[in-house]
1. Would you say Ala18 is away from the ligand (no atom under 16 Å from the Cβ), in a loop (DSSP other than H, G, I, E, B) and either on the phi > 0 side of the Ramachandran plot or open to solvent by less than 20 Å² (accessible area, probe 1.4 Å) (or both)?
2. Pick from the range 182-200 the residues that are within 8 Å of the ligand (Cβ to nearest atom) and hydroxyl-bearing (Ser, Thr, Tyr): which of them is farthest from Ala58 (Cα to Cα)?
3. If I filter the range 333-349 down to residues being of a type in the set (A, V, I, L, M, F, W, C) and surrounded by fewer than 21 Cβ atoms within 10 Å (Cβ to Cβ), which single residue comes out as nearest to Lys416 (Cα to Cα)?
4. Would you point out which residue out of Ile129, Ile117 is under 25 Å from Gln268 (Cβ atoms) and either aliphatic (A, V, I, L, M) or touching a strand residue (DSSP E or B) at 6+ places or on another chain (Cβ under 8 Å) (or both)?
5. Among the residues in the range 363-377, are any over 29 Å from Phe303 (Cβ atoms) and open to solvent by less than 60 Å² (accessible area, probe 1.4 Å)?
6. Does any residue in the range 356-375 that is over 30 Å from Gly331 (Cα atoms) come within less than 8 Å, Cβ to Cβ, of a residue that is surrounded by 13 or more Cβ atoms within 10 Å (Cβ to Cβ) six or more places away or on a different chain, and which pairs are these?
7. Given the condition on the phi > 0 side of the Ramachandran plot and open to solvent by 50 Å² or more (accessible area, probe 1.4 Å), answer yes or no: does some residue in the range 236-246 qualify?
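The values are calculated or read from the model by the stated rules, or taken from the named source; none is laboratory data. Note that this is a predicted model, so its numbers are computed, not measured. Cβ placement follows ideal geometry from the backbone for every residue including glycine, while neighbour counts extend to all protein chains displayed. Keep in mind that these areas ignore ligands, DNA and RNA; they rest on the heavy atoms of the full protein, side chains included. Shrake-Rupley method; radii C 1.70, N 1.55, O 1.52, S 1.80 Å.
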Amino acid sequence: MGKLAITGGKPTRRRPFAPWPVYSRDEARGLEVVLRSRNWGGYPFPNSFASAFGRNFARFHGAKFGLAVANGTVAIEVALKVVGVQPGDEVIVPAYTWEGTVGPILLLNAIPVFVDIDPDTYCLDAALIDKALTEKTRAILPVHLAMRFADMDAIGEIARAHGVKVIEDCAHAHGGMWGKKGAGAIGDMGCFSFQSSKLMTSGEGGAVITSNQEYFERAQTYVNCGRASSTDKFKHRFIGFNYRITELQAAILESQLQRLVKQQEIRQANMDHFESRLRGTPGLGFLKRDRRQTRVAAYQYVFKYLPESFDGISRAAFLGALEMEGIPCDGLFYEPVYKSALFPLSPEEFPALSWGRPAPLDLKTMYHCPVSERAAYVESVWLPHHIFLGSRRDTNDIADGVLKVCENISELRGLKHPAIARKNMSRAERPRVERRQY
Ligand SMILES: Cc1ncc(COP(=O)(O)O)c(C=O)c1O
């Protein structure tokens with residue numbers, strides 16, 4: 001019997017952390033108003049709660065217009081369509097992200113071009129974009145990942161110089177700020193997700209924000225089955241789909257938005273404390289915060305476990321042990337999309353991959369992004385945001401758990417345990433074992 005819970009010792013923590021999602025009488029009141037109104041859907045469009053929420057959400061981030069939609073994946077599709085991505089165009093994306101960033105590019109029969117991430121931020125490495133640009137590049141799609149931003153100033157300059165658009169994937173960045181601008185209001189369009197695990201949630205849901213009225217109205221037409229936009233100022237007529245959000249979701253989101261800043265402050269204070277307890281521990285690494293990032297949105301607290309400093313004991317072993325200490329954690333949260341089992345790309349389904357080429361582009365084998373691969377398979381540790389919404393004691397438990405596993409790492413040598421096996425499972429394999437709602 002060892003000291004670690006995974007080898008029979010006493011766990012650092014037995015009590016659950018703060019529950020997620022958070023709700024109060026405010027959400028219940030909003031839902032009741034919608035229920036009683038019998039006006040539950042997204043049509044007539046844009047409906048009352050959805051309009052008000054879209055406006056408030058955009059304003060909160062410093063954009064002029066906002067449109068709530070069915071989910072974050074759809075939000076990205078809408079933005080790509082709205083800025084004019086056409087079949088055969090190329091869109092630059094970071095390799096290390098959720099498949100939902102990339103799928104919509106293919107759905108429009110355009111081509112994702114994977115670029116590696118910066119090891120200091122885990123976000124798109126702006127210095128590598130130049131090499132990926134071609135005359136077919138139509139947009140750059142940075143993802144604000146792991147509490148950080150890509151160098152949005154550099155990306156803006158590159159985009160202006162080459163006449164391409166910038167679409168921000170802000171699925172992790174509600175309320176984040178770069179300089180004086182909110183996430184999603186830095187580029188041409190910003191896309192958000194309100195899926196269950198996100199910093200604001202209505203179970204499912206999404207939003208696009210922009211300060212360009214024509215883009216906003218094009219988005220309205222696309223998500224409302226091709227109908228004219230509310231002003232019809234631009235006379236857009238093209239095929240659209242039903243990607244509307246419901247009034248029930250929009251009512252919940254309004255209350256979630258009211259709570260966001262307070263939650264962000266609590267989370268940040270706890271994460272700062274957590275980091276101050278961990279800094280200096282040999283074998284742990286930290287992402288860098290750019291001075292231009294004026295407000296952090298931390299969907300997960302992300303740090304690095306460097307197996308080389310722990311005698312080669314794998315991240316999965318570290319995470320399995322940490323989970324057994326009572327601390328929820330993840331490692332294979334994302335994979336480079338081109339390597340993911342959730343990216344079983346078949347070129348026949350996406351004809352643009354073959355256009356003008358003797359053989360279709362094989363996106364699954366043509367890339368090697370070493371920083372993304374190391375983050376995904378070797379070193380990144382992801383701790384869910386809601387465990388930092390509790391007390392200082394809760395946060396100390398998280399830090400105690402991490403430090404305890406580091407100090408007793410030798411107990412993990414050669415250990416086989418189901419908790420370790422689970423930490424080696426990809427997102428594609430997990431539904432078999434996962435009990436969490438998200
Ligand atoms: C980075 C990123 N992009 C896009 C999405 C897609 O959002 P949704 O799940 O709401 O479709 C997600 C959500 O998981 C995400 O994390």
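1. Details: away from the ligand (no atom under 16 Å from the Cβ): yes; in a loop (DSSP other than H, G, I, E, B): yes; either on the phi > 0 side of the Ramachandran plot or open to solvent by less than 20 Å² (accessible area, probe 1.4 Å) (or both): no.
No, not satisfied.
2. Step by step, filter the range 182-200, then rank; the result is Ser197.
3. Phe333
4. Ile117
5. Within the range 363-377, one or more residues are over 29 Å from Phe303 (Cβ atoms) and open to solvent by less than 60 Å² (accessible area, probe 1.4 Å).
6. Within 8 Å, the pairs are Pro360/Pro347; Pro360/Leu353; Pro360/Ser354.
7. No, there is no match, as no residue in the range 236-246 is on the phi > 0 side of the Ramachandran plot and open to solvent by 50 Å² or more (accessible area, probe 1.4 Å).
Here's the yes/no breakdown for (1) more than 13 Å from the ligand (Cβ to nearest atom); (2) of a type outside the set (Ser, Thr, Tyr); (3) in a loop (DSSP other than H, G, I, E, B); (4) closer than 28 Å to Phe194 by Cβ:
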{"residue": "Gly88", "(1), (2), (3), (4)": "yes, yes, yes, no"}
{"residue": "Pro104", "(1), (2), (3), (4)": "no, yes, no, yes"}
{"residue": "Thr121", "(1), (2), (3), (4)": "yes, no, yes, yes"}
{"residue": "Ala161", "(1), (2), (3), (4)": "yes, yes, no, no"}
{"residue": "Gly175", "(1), (2), (3), (4)": "yes, yes, yes, yes"}
